[in-house]
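The values are calculated or read from the model by the stated rules, or taken from the named source; none is laboratory data. This one's a predicted model, so the numbers in the text were calculated from it and none came from an experiment. Here the Cβ positions follow ideal geometry from the backbone for every residue, glycine too, while neighbour counts run over all protein chains shown. Remember, those area values only see protein heavy atoms, side chains included, never the ligands or the DNA or RNA. Shrake-Rupley method; radii C 1.70, N 1.55, O 1.52, S 1.80 Å.
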Amino acid sequence: MKIALIGYGKMGHMIEQIARERGHEIVSIIDIDNVDDFDSPEFASADVAIEFTNPTAAYANYQRAFAHNVKVVSGSTGWMQDHKADVERLCAEGGQTLFWASNFSIGVAIFSAVNRYLAKIMNGFPQYSIEMEETHHVHKLDAPSGTAITLAEEIIDNVDRKDTWVKGFQHAADGTESGTNVVAANELPIASIRRDEVPGIHAISYDSEADRITITHDAHSRKGFALGAVLAAEYTKDHHGLLTTSDLFKF
């Protein structure tokens, strides 16, 4: 398979390594200093482009790739609030393909399935309060993480007493702290911690007077995310439309 890379930071380099190990060809690498290469024949020859950039650049990158009918796999977050409807239209009516996930880790896909199942059970036990904490490296720009938001939305879909998530306690990269997990009964607080070089930790807790139940996913490195992105690209090559990890992993 021919793969183009959009974004060549730590994730881009790791994706390149894993893609080559799995026998794929990297035909184009685009970073901030060569965006004109979107219009190159090398980029247009790609079966799939894998995009890991930042929340402000992702949507424009999708448009540039779609202009050449190149399918996109993306792990960038933060664009959905303003552009979700347009991307859905481009995929449903414009014939484009985007595989988007807030997290490509196989472990997170399993964790997400556990989260949904546990939430369905806990819907019947209103004595348990619910909160979430996500911890990431100090370079991460968005908070809460896209993965935390996805997990929170899964809880909201399955727990009647929660209908929205809100930012909870915040520990910023510079050490400043703000916010609180003390919220209204219908709200699900997400605490965000930025420290060191943590790849990603997500913990969901159900707390009552009697006991506390916590499930946690703790990433040891970015390798799991990179492998998942390449697996998603392999899937996307032969599928169309707006795709997610629920299409790739049938849990």
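The condition of being open to solvent by 40 Å² or more (accessible area, probe 1.4 Å) and assigned to a loop (DSSP other than H, G, I, E, B) holds for only one of Pro126, Pro144, that being Pro126. When segment 204-227 is limited to residues that are within 20 Å of the chain's Cα centre (by Cα) and more than 24 Å from Trp165 (Cβ to Cβ), the one that is least open to solvent (accessible area, probe 1.4 Å) turns out to be Ala226. Among the residues in segment 116-130, are any at negative phi, modelled with pLDDT of 95 or more, in contact with a Phe, Trp or Tyr (Cβ under 6 Å, 6 or more places away or on another chain) and aromatic (Phe, Trp, Tyr)? Among the residues of segment 116-130, at least one is at negative phi, modelled with pLDDT of 95 or more, in contact with a Phe, Trp or Tyr (Cβ under 6 Å, 6 or more places away or on another chain) and aromatic (Phe, Trp, Tyr), which makes the answer yes. Across segment 1-14, what is the total count of residues that are at pLDDT 95 or above, under 22 Å from the mean Cα position of the chain (by Cα) and part of a loop (DSSP other than H, G, I, E, B)? So the answer is 2.
Can Ser102 be described as in contact (Cβ under 8 Å) with a residue 60 or more places away in the chain, of a type outside the set (Val, Ile, Thr) and open to solvent by 10 Å² or more (accessible area, probe 1.4 Å)?
For Ser102, the condition - in contact (Cβ under 8 Å) with a residue 60 or more places away in the chain, of a type outside the set (Val, Ile, Thr) and open to solvent by 10 Å² or more (accessible area, probe 1.4 Å) - is not met.
Residues that are free of Cβ contacts under 8 Å to residues at least 60 places away in the same chain, open to solvent by less than 70 Å² (accessible area, probe 1.4 Å) and within 20 Å of the chain's Cα centre (by Cα): does segment 130-137 have at least one? No - not one qualifying residue is present in segment 130-137.
Name the single residue, out of those in segment 184-203 being aliphatic (A, V, I, L, M) and open to solvent by less than 50 Å² (accessible area, probe 1.4 Å), that is nearest to the chain's Cα centre (by Cα). That would be Ile201.
Every listed requirement among (1) part of a helix (DSSP H, G or I); (2) open to solvent by less than 40 Å² (accessible area, probe 1.4 Å); (3) under 18 Å from Ala219 (Cα atoms) is met by Leu118 save one, (3).
Looking at segment 194-205, is at least one residue in contact with a Lys or Arg (Cβ under 8 Å, 6 or more places away or on another chain) and without any contact (Cβ under 8 Å) to a residue 60 or more places away in the chain?
Looking through segment 194-205, at least one residue is in contact with a Lys or Arg (Cβ under 8 Å, 6 or more places away or on another chain) and without any contact (Cβ under 8 Å) to a residue 60 or more places away in the chain.
Mind listing just one residue for me: the one in segment 234-246 that is within 15 Å of the chain's Cα centre (by Cα) and in contact (Cβ under 8 Å) with a residue 60 or more places away in the chain and, of those, surrounded by the fewest Cβ atoms within 10 Å (Cβ to Cβ)? Here the residue is Thr244.
The residue that is nearest to Val72 (Cα to Cα), among those in segment 15-32 that are modelled with pLDDT of 95 or more and open to solvent by 50 Å² or more (accessible area, probe 1.4 Å), is Ile29.
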